[in-house]
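In what follows, a single structure is set out as structure tokens and then discussed.
Just so it is clear, none of the values below were taken in a lab; they were calculated from the coordinates. This structure is a prediction, so every number in the text was calculated from the model and none was measured. All Cβ positions, even for glycine, are placed from backbone atoms using ideal geometry, and neighbour counts span all protein chains on display.
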Amino acid sequence: MRVAIIGANGQLGSDLVKVFQGGNVVPLTHSDIEITNPAQTDSVLRNIRPDVVINTAAFHRVEDCETEYARAFEVNGIGAANLARSLEKLGAVLVHISTDYVFDGKKRNPYLEDDPPNPLNTYGLTKLVGEYYIRNLCSRHYIIRTSGLYGLARCRAKGGNFIDTMLQLVKEQPELKVVDDQVLVPTYTWDLAHKIKELLTKDRINHYGICHMANSGQCSWYEFAAMIFELEGLNSANLRRVTSEEFRSKVLRPHYSVLGSKVLESMGIEPLRPWQDALRDYMAQRRQRTIL
């Protein structure tokens, strides 16, 4: 199976490259393929002739999406459409990474694959547009919705992930305000990469459509930050719970966006491990990397 990974130097992309290493993997960065350019996308993929393309590329700076709507739509919407058209012609599988932000957060139990989306912000809306294009243009597709990603490669576009931000800010500020009324599932990219590979095994590759993949359990951003501090031996007294209204973000975010999956269950695929276990492993790996 020849697998091309778009966004191969990002948080998730770099872990996907490692997980698929040893097989026929083609890492692609922005310098290799510009998904907003249909002719170039077509040409690159035609030359590679992949069996599967995993697209991790996105415009995902949530605040910037509100002011740079055209760019967000171009990357998250049109870029997805270009990939879908190209791969339909090649008869290849498209695995596209989407987000929990397609939901409005009005539920109080995990969102499943067939729950109706209703995004609150531009990022979620443009990702939903991308999903729509893929569902209508590429017959062999997986849309993987996930949430709260963090990984060892960090997020270059955001200058690091949530964990990096918390551990940097605690050095600079006597008190950190973290929202406690937005509940999600933080997800380790290493776990997600392995689960995507499992999904693509031969006996499961015909169950196309939307699939939710996130670590198990749930927490608020405050609870996530508190566990990060605990694992780093830091004083959580520096953390202060605030509401979304007090935090005064320019962007509306869902108050509840926990993802559950009946699709994985129907395929006989085990759920991802609890987010706490994943975070412990990540923090241990992060410390080891810092020492080295």
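Which residue pairs have Cβ atoms under 8 Å apart, sit 6 or more places apart or on different chains, and have a first residue in the range 100-112 that is acidic (D, E) and a second that is not in a loop (DSSP other than H, G, I, E, B)?
If the second residue must be not in a loop (DSSP other than H, G, I, E, B), the pairs left are D100/Y111; D100/R145; D100/T146; D100/L184; D100/L259.
Going by the conditions given, is P254 crowded, with 20+ Cβ neighbours inside 10 Å, out of contact with any Lys or Arg (no Cβ under 7 Å at 6 or more places or on another chain) and more than 20 Å from M166 (Cα to Cα)?
Values: crowded, with 20+ Cβ neighbours inside 10 Å: yes; out of contact with any Lys or Arg (no Cβ under 7 Å at 6 or more places or on another chain): yes; more than 20 Å from M166 (Cα to Cα): yes.
Yes; evaluated as a whole, the condition is true for this residue.
Results for (1) of a type in the set (V, I, T); (2) within 30 Å of T122 (Cβ to Cβ), shown as yes or no for each residue.
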residue	(1), (2)
A225	no, yes
I228	yes, yes
E232	no, no
F247	no, yes
V258	yes, yes
P271	no, no
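In the range 81-119, what residues are crowded, with 19+ Cβ neighbours inside 10 Å and either among the polar types (S, T, N, Q) or touching a His at 6+ places or on another chain (Cβ under 6 Å) (or both)?
N82, S86, L94, S98, T99, G105, listed by residue number.
Which residue is nearest to the chain's Cα centre (by Cα), if the candidates are limited to the range 34-53 and must be among the β-branched types (V, I, T) and under 16 Å from G77 (Cα atoms)? Reasoning before the result, please.
Applying the first criterion (among the β-branched types (V, I, T)) to the range 34-53 yields 35-36, 41, 44, 48, 52-53.
If we keep only those that are under 16 Å from G77 (Cα atoms) as well, we get 35-36, 41.
Details: I35: 18, T36: 19, T41: 22 Å.
Applying the filter and picking the extreme gives I35.
Working carefully through the options V52, V62, V25, find the one that is surrounded by fewer than 24 Cβ atoms within 10 Å (Cβ to Cβ), closer than 18 Å to T146 by Cα and not hydroxyl-bearing (S, T, Y). Spell out the reasoning first.
Details: V52 fails: closer than 18 Å to T146 by Cα; V25 fails: closer than 18 Å to T146 by Cα.
The match here is V62.
Return a yes/no flag: does the range 233-247 have any residue that is charged (D, E, K, R) and within 20 Å of Y150 (Cα to Cα). Let's see the steps before the verdict.
So in the range 233-247, the residues charged (D, E, K, R) come out as 240-241, 245-246.
Okay, now just the ones that are also within 20 Å of Y150 (Cα to Cα), so none.
Checked the range 233-247: no residue is charged (D, E, K, R) and within 20 Å of Y150 (Cα to Cα).
I'd like the residue in the range 9-27 that is outside any strand (DSSP E or B) and without any contact (Cβ under 8 Å) to a residue 24 or more places away in the chain and, out of all such residues, is farthest from H96 (Cα to Cα).
Checking each candidate, the answer is G22.
Tell me which helices (runs of 4 or more DSSP H) are completely within the range 28-119 and hold 1 or more residues being among the basic types (K, R) and at negative phi, or say none if there are none.
On the way: elements: 38-48, 62-67, 69-73, 79-90.
Those helices (runs of 4 or more DSSP H) span 38-48, 69-73, 79-90.
Does the range 125-135 contain at least one residue that is among the charged types (D, E, K, R), touching a strand residue (DSSP E or B) at 6+ places or on another chain (Cβ under 6 Å) and within 23 Å of N9 (Cβ to Cβ)?
Yes, the range 125-135 contains at least one residue that is among the charged types (D, E, K, R), touching a strand residue (DSSP E or B) at 6+ places or on another chain (Cβ under 6 Å) and within 23 Å of N9 (Cβ to Cβ).
Among what's in the range 135-152 and is in contact with a Leu (Cβ under 6 Å, 6 or more places away or on another chain) and outside any strand (DSSP E or B), pick the residue that is surrounded by the fewest Cβ atoms within 10 Å (Cβ to Cβ).
The residue in question is G148.
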